[in-house]
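The values are calculated or read from the model by the stated rules, or taken from the named source; none is laboratory data. The model shown is predicted, which means the values in this text are computed figures rather than measured ones. All Cβ positions, even for glycine, are placed from backbone atoms using ideal geometry, and neighbour counts span all protein chains on display.
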Amino acid sequence: MTERTERRDTGASGTSTDVWDASELELEGATMSQEGMEIPLPSPGGDDESGPTPELARAALAQGGTASQWRLVWRRFRRHKVAFVALWVVLAIYLIMAFAEVLAPSTATAQDPDYAYAPPQALHIYHPSEGLGLYVHDFTVTQNPETFANEFEIDTDSYIPVGFFVSGEPYEMWGLFPMDVHLIGPEDPDRPFYLWGADRAGRDSLSRILYGSRVSLSIGLVGVAISLVLGIALGGISGYYGGKPDTLIQRIIEFLMAIPTLPLWLALSAAIPASWGPLARYFAITAILSVIGWTGMARQVRGKFLSLRTEDFITAATLDGCSRPRIIFRHMVPSFSSHVIASLTMAVPGMILAETSLSFLGLGLQAPAVSWGVLLQDAQNIRTIETAPWLLLPGLAIFITVLAMNFVGDGLRDAADPYK
Amino acid sequence: MGKYTLRRIGLMVITLVAISFVTFWIIQLPPGDYVSTLVAQAESRGQVITPEQMAALRVRYGLDDPFLVQYWNWISNIVFHGDFGQSFAYNRPVSTLIWDRVALSFFLSVSTLLFVWAVAFPVGIYSAVKQYSPGDYIATFFGFVGMAIPEFLLALVFLWLGVRYFDQSAGGLFSPEYVDAAWNLGKVLDLASHLWLPILIIGISGTAGLIRVTRANLLDELYKPYVITARAKGLSEWKLLVKYPVRMSLSPFFSTVGWLLPGLISGETIISIVLSLPTTGPLLFGGVLSQDMYLVGSFILILSALTVVGTLLSDLALAWWDPRIRRRYQES
């Protein structure tokens, strides 16, 4: 350690392009980005504004005033205001996903045919006679003598008190702990409470959208994870070794890219046996989406490897006698991981949209499972949308999620190369 | 250049053969085959097919032959006779089914494409030249919103708005009185009045994406030294912009222009389903749902072939457009 510090002192002061200096600087970069990696990238309320702590400041001074790459990326990312806000939105959405059971006023399956297609109830705060407190109005339900459909009228005289952390429909938290606490709900669990309306079976739309986020959001992450592993492994081999493996992998990628996406997805999902359970189907769909997803990632990684291979610091590391895995994982991967993370973020919304489209067409997840695409299937028919336009609300959830993720991805891409 | 083209055509043929294998594999993937479909159809009509008849049918269609033999029968019929097989669901040859609908898909795709280009290029260029101006922010905002809305959702919302506020159905291509009418001026005008909506819906996400790409490409070029040189020479801003950076920023566009070819046939499947347009998309979707695998397989094969050809064409177009790339081809 002391030896390196001394060398750094001599090296950092000069502007020499000597190979030894280059390798030394890179070693420095490698260790620093490792330190940086311990600080999680989206650490909220980072230490940049208040300035580094005294120890960190001293360490930074000793290093010649350099910050780790991740800190530079983070600093630059924060300058993109919209992306920064969008990052919080995305985090909030994933938190909502994690605690969907508690946040939902009901469950995804609890139904009440008496309230089929019940319109959204407005949440009031102040009641003239009952005073301050949350409440909703009840409906008066009449059956249309011709169509036998329920017609709902808001009954402004009725009063359904609404409370926080009330006990209602029982559920199993994360499929493990039986609970019945809901963040918000009617104090009498038998009264109707449909903030975002009800579907054809009288199930609460809001609860179903919250539960549906589980599948819709996680399928993007799982699919991207599969694409990432395949893309980095094959792209890395292709770019680092070149020659025959490269040609082979490039041909495979070109081949996969030549097959039109949607017909391929349609055909493959149609081939999933109907007898498969929801979980097996979920993974089959994810795999189908990743079949195409990894190729783009592999191309990008390969391009990075190709351009890095001829960089001075890699030559220096090779001359230093570093092993191949060390060169790849200590020298090459840290210098393009920010780019990879940026393009991963851009890939997640694409996966979410793809799953939604497949499920909307009835080829993705099937009815007992709840995802945003499955929910939108109910809104396929124009007559249904006319009766119950709130069935389009899952689309709003998709829109907000995808928009926020695109913004985050855009900000990350701008910040991925903080030295520009 | 000629040598390069020849080598690419050779590679193309290999890729096409590989694709045809995968397509045939997908056709075979679902349980059941042509004969079991026939039997199911016969049973639904109350007829009974004996096991002996079934066995005879299986032999006749060669269903128990090895995979390679079956593959050869299928592909040789396509290549030598243009026979894509029989659709189970429609009981008609796949090729006539597809050609029936190609004209409209083609028309829809071309008009959408012209719409996208006409909007996206000027907006993208403006957005890059006037970076961080209010106009750029509006274009950027529109770009992100356009990319975040699933197309089918947009179609549903338009359908709902049409019924709710304009009291007209936005689906289909013709008003009821024109559906079966012969072609005349009224029918053409009716078609035009229905077609703008699908074009708009299909075009929005493409426009949004292309605006972003054009803007990013142009921004990469705008601050390069050659632009400053041209400006120093006293070239007018407009001339300078069109002559150098815009030309450079169009290169990525040429490298994807060939992918439009499959788009011309596939139409926009999901939009066409939601708006019930009689394009090839719903046909493909119907085929997938009813496991009409010869229909689906033919689609995949035709579309893949078009993609491969399109990729080659766009590489050649790129070489024509960009002398640097042409040179690289000539060297290799």
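Please state which of the following conditions A:Phe336 fails to meet, knowing it meets all the rest: (1) within 30 Å of B:Gln291 (Cβ to Cβ); (2) surrounded by fewer than 21 Cβ atoms within 10 Å (Cβ to Cβ); (3) of a type in the set (A, V, I, L, M, F, W, C).
Of everything listed in (1) within 30 Å of B:Gln291 (Cβ to Cβ); (2) surrounded by fewer than 21 Cβ atoms within 10 Å (Cβ to Cβ); (3) of a type in the set (A, V, I, L, M, F, W, C), A:Phe336 misses just condition (1).
Of all residues being among the aliphatic types (A, V, I, L, M) and not in a strand (DSSP E or B) in segment A:117-154, which is farthest from A:Leu391 (Cα to Cα)? Just the residue, please.
Of everything passing the filter in segment A:117-154, A:Leu123 is farthest from A:Leu391 (Cα to Cα).
Does B:Arg247 qualify as being away from chain A (no Cβ under 14 Å), within 29 Å of B:Leu316 (Cβ to Cβ) and over 21 Å from the mean Cα position of the chain (by Cα)?
So B:Arg247 passes the test.
Restricting to segment B:138-153, what's the tally of residues that are out of contact with any Lys or Arg (no Cβ under 9 Å at 6 or more places or on another chain), at the interface with chain A (Cβ under 10 Å from one of its Cβ atoms) and farther than 24 Å from A:Leu391 by Cα?
Total meeting the criteria: 1.
Does A:Ala92 qualify as being small (Gly, Ala, Ser), under 37 Å from the mean Cα position of the chain (by Cα) and surrounded by 14 or more Cβ atoms within 10 Å (Cβ to Cβ)?
no
Being over 17 Å from A:Phe360 (Cα atoms), modelled with pLDDT under 80 and among the polar types (S, T, N, Q) narrows it down to one of A:Ser269, A:Ser275, A:Ser238, so name that one.
One residue alone meets the criteria, A:Ser275.
Let me spell it out: the conditions are (1) in a helix (DSSP H, G or I); (2) more than 24 Å from the chain's Cα centre (by Cα); (3) modelled with pLDDT of 80 or more; (4) away from chain B (no Cβ under 14 Å), and A:Leu248 meets all of them except one. Which number is the exception?
(4)
Where in segment B:280-332 are there helices (runs of 4 or more DSSP H), lying fully within it, with 2 or more residues that are within 10 Å of chain A (Cβ to nearest Cβ), over 17 Å from B:Arg8 (Cβ atoms) and at pLDDT below 80? Give the steps one after another, and end with the answer.
Values: elements: B:280-289, B:293-321, B:323-331.
In segment B:280-332, the matching helices (runs of 4 or more DSSP H) lie at B:280-289.
Among the residues of segment A:184-235, which ones are closer than 26 Å to A:Val402 by Cα and either polar (S, T, N, Q) or in a strand (DSSP E or B) (or both)?
Of everything in segment A:184-235, those that are closer than 26 Å to A:Val402 by Cα and either polar (S, T, N, Q) or in a strand (DSSP E or B) (or both) turn out to be A:Ala198, A:Asp204, A:Ser205, A:Ser207, A:Ser213, A:Ser216, A:Ser218, A:Ser227.
For segment B:53-85, give me each residue that is aliphatic (A, V, I, L, M) and either surrounded by fewer than 13 Cβ atoms within 10 Å (Cβ to Cβ) or part of a helix (DSSP H, G or I) (or both).
Selection gives B:Met54, B:Ala55, B:Ala56, B:Leu57, B:Val59, B:Leu68, B:Val69, B:Ile75, B:Ile78, B:Val79.
Tally up the residues in segment A:395-420 that are over 16 Å from A:Pro349 (Cα atoms) and either among the acidic types (Asp, Glu) or surrounded by 18 or more Cβ atoms within 10 Å (Cβ to Cβ) (or both), please.
So the answer is 4.
If you take the residues in segment A:360-394 that are without any contact (Cβ under 8 Å) to a residue 24 or more places away in the chain and either more than 11 Å from chain B (Cβ to nearest Cβ) or surrounded by 24 or more Cβ atoms within 10 Å (Cβ to Cβ) (or both), which one is farthest from B:Ile270 (Cα to Cα)? Before you say what the answer is, go through the steps one by one.
Step one: of segment A:360-394, the residues without any contact (Cβ under 8 Å) to a residue 24 or more places away in the chain are A:360, A:362, A:367, A:376-377, A:379-383, A:385-386, A:389, A:392.
From what is left, the residues that are either more than 11 Å from chain B (Cβ to nearest Cβ) or surrounded by 24 or more Cβ atoms within 10 Å (Cβ to Cβ) (or both) are A:360, A:367, A:376, A:379.
Numbers: A:Phe360: 9, A:Ala367: 19, A:Leu376: 13, A:Ala379: 14 Å.
Of everything passing the filter in segment A:360-394, A:Ala367 is farthest from B:Ile270 (Cα to Cα).
Looking at B:Phe121, is it within 14 Å of chain A (Cβ to nearest Cβ), more than 15 Å from B:Leu200 (Cβ to Cβ), in contact with a helix residue (DSSP H, G or I) (Cβ under 8 Å, 6 or more places away or on another chain) and not acidic (Asp, Glu)?
no
For segment A:170-194, name all the residues that are under 20 Å from A:Leu134 (Cα atoms), touching a residue at least 24 places away in the same chain (Cβ under 8 Å) and surrounded by fewer than 18 Cβ atoms within 10 Å (Cβ to Cβ).
Residues satisfying the conditions are A:Val181, A:Leu183, A:Glu187, A:Asp188, A:Arg191.
Could you count how many residues in segment B:128-137 are assigned to a helix (DSSP H, G or I) and within 14 Å of chain A (Cβ to nearest Cβ)? Steps first, answer last, please.
Keep residues of segment B:128-137 that are assigned to a helix (DSSP H, G or I), which gives B:128-129, B:134-137.
So of that shortlist, the ones also within 14 Å of chain A (Cβ to nearest Cβ) come out as B:136-137.
So the answer is 2.
List every residue pair whose Cβ atoms sit under 6 Å apart, with the two residues 6 or more apart in sequence or on different chains, where the first one lies in segment A:227-252 and is in contact (Cβ under 8 Å) with a residue 40 or more places away in the chain and the second, anywhere, is in a helix (DSSP H, G or I) and among the polar types (S, T, N, Q).
A:Ser227/A:Ser290; A:Asp246/A:Ser238; A:Ile249/A:Ser238
From the list B:Leu191, B:Leu156, B:Leu161, B:Leu185, pick out the single residue that is at pLDDT below 80 and under 30 Å from A:Thr387 (Cα atoms).
None of the other options fit; the residue is B:Leu191.
Report whether or not A:Phe305 is crowded, with 19+ Cβ neighbours inside 10 Å and closer than 30 Å to A:Ser238 by Cα.
Answer is yes for this residue.
Could you tell me which of the residues B:Ala148, B:Ala128, B:Ala155, B:Ala103 is under 28 Å from B:Ser276 (Cβ atoms), touching a residue at least 24 places away in the same chain (Cβ under 8 Å) and aliphatic (A, V, I, L, M)?
Numbers: B:Ala148 fails: touching a residue at least 24 places away in the same chain (Cβ under 8 Å); B:Ala128 fails: under 28 Å from B:Ser276 (Cβ atoms); B:Ala103 fails: touching a residue at least 24 places away in the same chain (Cβ under 8 Å).
Sole residue among the options that is under 28 Å from B:Ser276 (Cβ atoms), touching a residue at least 24 places away in the same chain (Cβ under 8 Å) and aliphatic (A, V, I, L, M): B:Ala155.
Scan A:Ala284, A:Ala298 and give me the residue that is away from every other protein chain (no Cβ under 14 Å) and either assigned to a helix (DSSP H, G or I) or free of Cβ contacts under 8 Å to residues at least 24 places away in the same chain (or both). Reasoning before the result, please.
Working: A:Ala284 fails: away from every other protein chain (no Cβ under 14 Å).
So the residue among A:Ala284, A:Ala298 that is away from every other protein chain (no Cβ under 14 Å) and either assigned to a helix (DSSP H, G or I) or free of Cβ contacts under 8 Å to residues at least 24 places away in the same chain (or both) is A:Ala298.
Conditions first: (1) more than 30 Å from B:Asp100 (Cα to Cα); (2) surrounded by fewer than 22 Cβ atoms within 10 Å (Cβ to Cβ); (3) away from every other protein chain (no Cβ under 12 Å). B:Ser193 passes all but one, so which condition is the exception?
Every listed condition holds for B:Ser193 apart from (1).
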